[in-house]
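A short write-up of the structure that comes next.
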Amino acid sequence: MGLHTGIDKFIPTVERQFRAGPNETWRFYYPNTADFNFNYYKLLSDATESAIALNTNPNLRIAIVGAGLAGLTAARELFRCGYRAIDLYEASDRIGGRTYSIPLHTPHTDSHTVFEMGAMRIPFFPAPGSGNSVMDYYSSLFQIATQPFPDPGSKVADTGIFLNKGYGPNINDPYSEPTLDIWEAGAPEPPNPLLQQIYQKWSSFATQVIQECEKHYESDDWQTFWHQLVQHYWDKNFRELVYMPAAEYNPTQPGFFGGLGMTEEESNLFYTIGAGDGSWGAFYDISCLYPIRTLLFGFGTNHQLIEGRFDSQKNFLPGMEYKIPPHDSLHQPLVAPHYLGVQSLAECLFYQPVVSKFVESISLYRATHSEEYDINLYTRNPVKKLKRHSDGKIEVSSSAIEPKIYDAVILTAPTWALQISTDFEGFDPKTQLPFSVLNSIKVSHWISSCKVFYPLKERYWGEGKKIPQLISTDTYLQGIYGYAVKDEPGALLLSYTWEDDANKLLAFAHETATIKAANRALAQKCLEELDNLLLSCVNIQTPISPYVDARKPTVIQWSKKPSYRGCAKLYRETSWNTDYLLLRYNQDMSARSNLYFAGEAFSVEGGWLEPALRSGLDAVIHLVQNTNGEFLNNFQYKDYPLYDRWSPCFHQ
């Protein structure tokens, strides 16, 4: 989802050189994923006018469960390769999954700014144009424009910090009057000495890890070094890392960097407010490898706000018009693509024409309405059962259509929804779908999240205005964001919460008669809370509500969505082997099961677009290999690296 990190300011600038490493043809550069390094950008860009591979068996039928980014990526790339019989099963009434952008369209403007209900802060490893990520490839292909995202504590916008009813972070030495501390954009550290102290402790740890990892990342000994680092940290949660004594890096202890060395007071602030960049509490009870993998390997740096399809002069590119409103293969209505926000990527994958030597210039959507192709999208149609027959084919049973038989099935559904909603039958527990894999699906941890939005009538930030664009608080509001596309008034993300802070807001649904009324009540309460907060601070004393169009709040609680049951998959400490069973499944089992896993739910960097895109491509590569397809453009399956089989359990 783009977890809240504020890492641009929380990690000092480290000089980085992007050099080619061993096997430079198929390696990404640092910063990038720690566990699996393969240059999907090159694979795709080499195939822009053709395809990754050629399907040599026209009779193959493929099912894809889930029409989020992973499912749509797999469908588009298989279609480009000449797979002409593909069915997409989607439980909800829309495509895109947790890329979900709602246009504002207020009475004040036909806005290009959107409410980003799901994924919001998008990394490009490290910036658009680097050619170092799948997102960079598709955003260029589809002319998707971006701008730097206004993260708290970043260089983009001022951040207000409100702690202990405005009396500051130090409860033993409070301010004389309630004050909103202002961390000015571009300032090297937060304004309060205690927050500076916390910043410096994380900064010291992060700098050591980044410098040492970059040194090894593009050399032959990277995997050995990464194993050494994992061995020190795989059995510790983030809370333990925060308290672990700090250490100067010693090359005789490779991979060990100590911890953050925080006191209880510092840790409590870091949990609640970070160093002014927002709460880190959602990470405290998960494996510390998650923040190490993501925050220090490029997922937390230089986040981009996705604007949508714009040309180089920032003119909006809406795409084709539909004389008849779009509908799926069951004649159920689809919302027409608006090509705005993060959701524009999903819409482009489905609605923009496919360029290939093996397919006419036609989109997946047009193909679902063409007699030449057997492509289908079934929305509002959750999959209930996957049954493997003795001949290897898989029968898919769903709620809205009769069971259908396929040669292969790609599963992209979130793991909790998969466990609760889908039965597996006929898969050999030793060679095709082991109980250990099913257990990995079951024990994965999904975090909850809540977002509360209002459209703006006018920007509340900028020259001559007192309210900072971003606010981090220890109230139940937690994170407050203003953002806008072009010169529009924009959107107010009034409250962005995770885990316990999000769960506190769930009960509003039981206090009123309808979901709509519950959401309005929650939004109104949040707006009143922010007004009171700002009015109480002697240096602000200006309410935000006059800037807000209070008639149209929008709220989302991902844990209440039955197709998702959470917003992002994380994992606990000591779960290395459990996670790798899912990562390696396509590599280890798919040739025997004809079942493939894709989606960020099966990654070790859950909650981000990039793993969803990469895992969709991983499923495609293995499916092509297992169905005797022919790889093109000088790529061969032997060029594709294997996932790690090393286990820290056996290296104590």
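The values are calculated or read from the model by the stated rules, or taken from the named source; none is laboratory data. A quick note: this is a predicted structure, and the numbers were derived from the prediction, not measured. Counting neighbours? That spans all protein chains shown, and the Cβs are built from the backbone with ideal geometry, glycine included. Accessible surface areas use protein heavy atoms only, side chains included; no ligands, DNA or RNA. Shrake-Rupley method; radii C 1.70, N 1.55, O 1.52, S 1.80 Å.
For the chain, take the longest principal axis of its alpha carbons; what is the angle in degrees between that and the long axis of helix 222-233, to the nearest 10 within 0 to 90?
Computed tilt is about 50 degrees.
Please report the carbon-and-sulfur percent of the accessible area for the stretch 397-469; probe 1.4 Å, protein heavy atoms only, DNA, RNA and ligands left out.
49 percent
Would you mind working out the magnitude of the charge dipole of the chain relative to its Cα centre, with +1 at each Lys and Arg C-beta and -1 at each Asp and Glu C-beta, to the nearest 20 Debye?
On the way: 55 positive and 72 negative charges, 293 e Å.
Roughly 1400 debye, rounded to the nearest 20.
For the stretch 192-295, with all protein chains present and a 1.4 Å probe, just round the carbon and sulfur fraction of the accessible area to a whole percent.
Numbers: 1740 of 3550 Å².
In the stretch 192-295, the share of accessible area belonging to carbon and sulfur is 49 percent.
Rounding to the nearest 10 and keeping the result within 0 to 90°, find how far the Cα-based axis of helix 69-80 lies from the longest principal axis of the chain.
The helix 69-80 is inclined about 30 degrees to the chain.
Give, as a single signed number, the net charge of other residues whose beta carbon lies under 14 Å from the beta carbon of Glu264, with Lys and Arg counted +1 and Asp and Glu -1. Each step should come with its number before you reach the end.
Values: positive: Lys201, Arg239; negative: Glu240, Glu265, Glu266.
For residues surrounding Glu264, the net value is -1.
What FRET efficiency comes out for Gln196 versus Lys393 if R0 is 45 angstrom and r is the Cβ-Cβ distance? Round to the nearest 0.05. Intermediate values should be presented prior to the final figure.
Values: r = 62 Å, r/R0 = 1.38.
The formula returns an efficiency of 0.10 here.
Given the pairs Lys486/Lys569; Lys215/Lys451; Lys236/Lys569; Lys486/Lys552; Lys201/Lys561; Lys236/Lys430, which are separated by over 29 angstrom at their Cα positions?
Working: Lys486/Lys569 33 Å; Lys215/Lys451 39 Å; Lys236/Lys569 18 Å; Lys486/Lys552 21 Å; Lys201/Lys561 38 Å; Lys236/Lys430 31 Å.
Pairs exceeding 29 Å: Lys486/Lys569; Lys215/Lys451; Lys201/Lys561; Lys236/Lys430.
Could I have the simple spin-label model distance between Glu630 and Ser647, label points 7 Å from Cα toward Cβ, reported in nm to one decimal?
If labels sit at Glu630 and Ser647, their model points lie 4.2 nm apart.
Residue separation times 0.36 nm, minus the C-alpha to C-alpha distance between Leu535 and Lys442: what's the value? Working shown, then result.
Numbers: separation 93, 0.36 × 93 = 33.48 nm, distance 4.68 nm.
Using 0.36 nm per residue and subtracting the Cα-Cα distance, I get 28.8 nm.
Restrict the search to the stretch 426-508; then list the GluC sites (Glu not before Pro) that DSSP places in a loop and that have at most 14 other Cβ atoms within 10 Å of their Cβ. All intermediate terms of the calculation are to be shown ahead of the outcome.
Values: sites: Glu458, Glu463, Glu499; in loops: Glu458, Glu463.
Here the GluC sites (Glu not before Pro) that fit, given the DSSP loop and packing criteria, are Glu458, Glu463.
Of Thr33, Ile420, Ser139, which is farthest on the positive side of the dipole of the chain, counting Cα position, with +1 on Lys and Arg Cβ, -1 on Asp and Glu Cβ, and the Cα centre as origin?
Going by the Cα projections, it comes out as Ile420.
Roughly how many Å² of Ser204 are accessible to a 1.4 Å probe, to the nearest 10?
The value for Ser204 is about 60 Å².
Using DSSP to call loops (not H, G, I, E or B), can you name the chymotrypsin sites (Phe, Trp or Tyr not before Pro) in the stretch 353-394 whose Cβ has at most 13 other Cβ atoms within 10 angstrom?
Sparse-neighbourhood loop chymotrypsin sites (Phe, Trp or Tyr not before Pro): none present.
Please report the projected area of the chain's Cα convex hull averaged over all directions, in nm².
Numbers: hull surface 112.3 nm².
Average projection, Cα convex hull of the chain: 28.1 nm².
Which of the trypsin sites (Lys or Arg not before Pro) found in the stretch 382-468 are in a DSSP loop and have at most 11 neighbouring Cβ atoms, other than their own, within 10 Å?
Details: sites: Lys384, Lys385, Lys387, Arg388, Lys393, Lys404, Lys430, Lys442, Lys451, Lys457, Arg459, Lys465, Lys466; in loops: Lys393, Lys430, Lys457, Arg459, Lys465, Lys466.
Loop-located and lightly packed - Lys430.
Quick one: with all protein chains in place, what share of the accessible area of the stretch 51-113 is carbon or sulfur, to the nearest percent (1.4 Å probe)? Each step should come with its number before you reach the end.
Values: 810 of 1600 Å².
Within the stretch 51-113, the accessible surface is 51 percent carbon and sulfur.
Under 19 Å from a point 7 Å along the Cα-to-Cβ line of Ala550: which residues of the stretch 154-176 have their amide N that close?
The answer is none, because no backbone nitrogen lies closer than 19 Å to the label point.
What spacing in nm lies between the two simple spin-label points modelled at Trp26 and Asn57, each 7 Å away from Cα in the Cβ direction?
Using points 7 Å along Cα→Cβ, the separation is 2.2 nm.
Express the relative contact order of the chain as a whole percentage, based on alpha carbon pairs under 8 Å and six or more residues apart in sequence. Mind dumping the intermediate values first?
Details: 1433 pairs, mean separation 140.7, N = 652.
Over the chain, the number comes to 22 percent.
Among Ser545, Gln557, Thr514, pick out the residue whose Cα is farthest towards the positive end of the charge dipole of the stretch 493-565, where Lys and Arg carry +1 and Asp and Glu carry -1 on C-beta, about the Cα centre.
Farthest towards the positive pole: Thr514.
Please report, in whole Å, how far the alpha carbons of the stretch 209-258 spread along each principal axis, starting with the longest.
Dimensions of the stretch 209-258 along the principal axes of its Cα atoms: 32, 21, 18 Å.
Can you tell me the 0 to 90 degree angle between the C-alpha axis of helix 609-626 and the longest principal axis of the chain, rounded to 10?
Long axis of 609-626 versus the principal axis of the chain: about 10 degrees.
Run the quick spin-label model on Ser176 and Ala127: label points 7 Å from Cα toward the beta carbon, then report their separation in nm to one decimal.
Placing both labels 7 Å along Cα→Cβ, they lie 4.4 nm apart.
From the phi angles alone, apply the Karplus equation (6.51, -1.76, 1.60; θ = phi - 60°) to the stretch 395-405 and give each ³J(HN,Hα) in whole Hz, x where the residue is Gly or Pro.
8, 9, 10, 10, 7, 10, 9, 5, x, 10, 9
May I ask you to derive the FRET efficiency for Thr263 and Lys457 from their Cβ-Cβ distance with R0 = 25 Å, giving the value to the nearest 0.05? Walk me through the numbers on the way to the answer.
Numbers: r = 45 Å, r/R0 = 1.78.
With a Förster radius of 25 Å, E is 0.05.
Quick one: order His105, His445 from most to least accessible surface, probe 1.4 Å.
On the way: His105 95, His445 25 Å².
Greatest to least solvent exposure: His105, His445.
For Lys404, give me every one of the lysines with a C-alpha distance below 17 angstrom, ignoring sequence neighbours fewer than eight places off in its own chain.
Output for Lys404: Lys384, Lys385, Lys387, Lys393.
What net charge do the residues around Lys430 carry, taking every other residue with its C-beta under 13 Å from that of Lys430, with Lys and Arg at +1 and Asp and Glu at -1? Before the final figure, lay out the partial values.
Details: positive: Arg592; negative: Asp428, Asp588.
Once positives and negatives cancel, what remains is -1.
Check the straight Cα-Cα distances from Lys357 and name the aspartates and glutamates below 14 Å, setting aside those fewer than 8 residues away within the same chain.
Asp46, Glu49, Glu77, Glu630
Enter the accessible area per residue of the chain (Å², integer; probe 1.4 Å; all protein chains in place).
On the way: 23890 Å² over 652 residues.
Value for the chain: 37 Å² per residue.
Can you grab the distance from the C-alpha centre of the stretch 322-338 to the C-alpha centre of the stretch 439-505, Å, no decimals?
Comparing the Cα centres of the stretch 322-338 and the stretch 439-505, I get a distance of 31 Å.
Considering the options Leu642, Phe631, Trp576, tell which one lies farthest towards the positive end of the dipole of the stretch 552-652, charges being +1 on Lys and Arg and -1 on Asp and Glu at the Cβ, about the Cα centre.
After comparing all options, I get Trp576.
Please find the FRET efficiency linking His105 to Thr542, where r is the Cβ-Cβ separation and R0 is fixed at 22 Å, and quote it to the nearest 0.05.
Calculated transfer efficiency: 0.20.
For the stretch 434-588, state what percent of all Cα-Cα pairs lands in each successive 5 Å bin, counting from 0 Å until the bin that includes the largest distance.
Answer for the stretch 434-588: a P(r) of 2, 8, 15, 17, 15, 12, 9, 8, 7, 5, 2, 1, 0 percent.
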